[in-house]
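A.B. asks: Let me give you the structure first, and then I'll get to my questions.
The values are calculated or read from the model by the stated rules, or taken from the named source; none is laboratory data. Just so you know, these numbers come straight off a predicted model, no measurement behind them. Cβ coordinates were reconstructed from backbone atoms using ideal geometry, including for glycine residues, and neighbour counts include every protein chain displayed.
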Amino acid sequence: MQDQVEETHNSNDIADLQIIADAGRLLAFDPGTKLWGSAVSDATCSVVSPINAIPSTNWKNLLSSIKELVARYDAVAVVIGLPLESDGSEGDMSRYARRCAEKLRLSIEIPVYLQDERVTTYEARRRLWLRGKKSKLEKSAVDSEAAAVILGDFLDRLTSANR
């Protein structure tokens, strides 16, 4: 499946993706109305790890949590999952993700990208199941594992864009 990727960012375009990959850690989020799954890469962008999901109670608290993660991990970019429909069209959650990405772009000093996240929840559940977490498939673990899938897909895109 070809990645359908839309971007929203401060001043970078797709040509600047190599700079991001060489510069440090990336954060990714799987947006939801109650929880945002989250993941981080290592500084070389070769390893992705899920981290604790953050509650989405209101924009102010969510933004504060995201800014705290950006500072804690010294992130150089943020990737937001874009939940497209199976046919590539946009629904309510896609529009929600776009609005959040735009508000985030206006609130932080690093680039914000959108990454297609179709079927990431299924992949996240599969990965957790394969690691023996069958009885611990709580929503926050699945959401953060989905964010790790989103970030992995974005890093694959970085590799492809810079060949």
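A.B. asks: Exactly one condition in (1) of a type in the set (Val, Ile, Thr); (2) modelled with pLDDT under 95; (3) surrounded by fewer than 19 Cβ atoms within 10 Å (Cβ to Cβ) is not met by ILE51; state its number.
C.D. replies: For ILE51, the failing item is (2).
A.B. asks: Would you mention how many residues in the stretch 35-55 are outside any strand (DSSP E or B), of a type in the set (Ser, Thr, Tyr) and over 12 Å from PHE154 (Cα atoms)?
C.D. replies: Adding up the residues that qualify gives 1.
A.B. asks: Let me ask something else about it. Looking only at the stretch 1-27, how many residues end up being assigned to a strand (DSSP E or B) and either in contact with a Gly (Cβ under 7 Å, 6 or more places away or on another chain) or modelled with pLDDT under 95 (or both)?
C.D. replies: Pass one, the stretch 1-27, residues assigned to a strand (DSSP E or B): 7, 26-27.
Narrowing further to those that are either in contact with a Gly (Cβ under 7 Å, 6 or more places away or on another chain) or modelled with pLDDT under 95 (or both): 7.
Residues flagged as assigned to a strand (DSSP E or B) and either in contact with a Gly (Cβ under 7 Å, 6 or more places away or on another chain) or modelled with pLDDT under 95 (or both) within the stretch 1-27 amount to 1.
A.B. asks: Give me the pairs: first residue in the stretch 89-108 and of a type in the set (Gly, Ala, Ser), second residue assigned to a helix (DSSP H, G or I) and modelled with pLDDT of 95 or more, beta-carbon distance under 7 Å, and six or more apart or on different chains, which are they?
C.D. replies: Taking only residues 6 or more apart or on different chains, the pairs are SER107/LEU63.
A.B. asks: Here's a follow-up. Consider only pairs whose beta carbons are under 9 Å apart and that are at least six residues apart or on different chains; among these, list those whose first residue lies in the stretch 111-129 and is farther than 13 Å from SER144 by Cβ and whose second residue is among the aromatic types (Phe, Trp, Tyr).
C.D. replies: TYR113/PHE154; GLN115/PHE154
A.B. asks: For the list (1) polar (S, T, N, Q); (2) more than 14 Å from ASP143 (Cα to Cα); (3) more than 14 Å from the chain's Cα centre (by Cα), I need the number of the one condition that THR33 fails.
C.D. replies: Every listed condition holds for THR33 apart from (2).
A.B. asks: Okay, moving on. Just give me the residues in the stretch 65-110 being part of a loop (DSSP other than H, G, I, E, B) and closer than 23 Å to ASN52 by Cβ, in sequence order. Walk me through how you get there before you give the answer.
C.D. replies: First, pick out the residues of the stretch 65-110 that are part of a loop (DSSP other than H, G, I, E, B): 74-76, 83-91, 108-110.
Matches in the stretch 65-110: ASP74, ALA75, VAL76, PRO83, ILE108, ILE110.
A.B. asks: Does ALA77 satisfy the criteria of being more than 17 Å from LYS34 (Cβ to Cβ) and in contact with a His (Cβ under 9 Å, 6 or more places away or on another chain)?
C.D. replies: Judged against the criteria, ALA77 is a match.
A.B. asks: Output yes when any residue across the stretch 58-77 is within 21 Å of THR159 (Cβ to Cβ) and under 12 Å from the mean Cα position of the chain (by Cα), and no when none is.
C.D. replies: yes
A.B. asks: Scan the stretch 138-163 residue by residue and report those that are assigned to a helix (DSSP H, G or I) and of a type outside the set (A, V, I, L, M).
C.D. replies: At the first step, the residues of the stretch 138-163 found to be assigned to a helix (DSSP H, G or I) are 139-161.
Matches in the stretch 138-163: LYS139, SER140, ASP143, SER144, GLU145, GLY152, ASP153, PHE154, ASP156, ARG157, THR159, SER160.
A.B. asks: When the stretch 104-130 is examined, which residues are found to be within 15 Å of TRP36 (Cβ to Cβ) and surrounded by 15 or more Cβ atoms within 10 Å (Cβ to Cβ)?
C.D. replies: Once the filter is applied, which keeps residues that are within 15 Å of TRP36 (Cβ to Cβ) and surrounded by 15 or more Cβ atoms within 10 Å (Cβ to Cβ), the stretch 104-130 yields LEU104, ILE108, VAL112, LEU114, GLN115, GLU117, THR120, THR121, ALA124.
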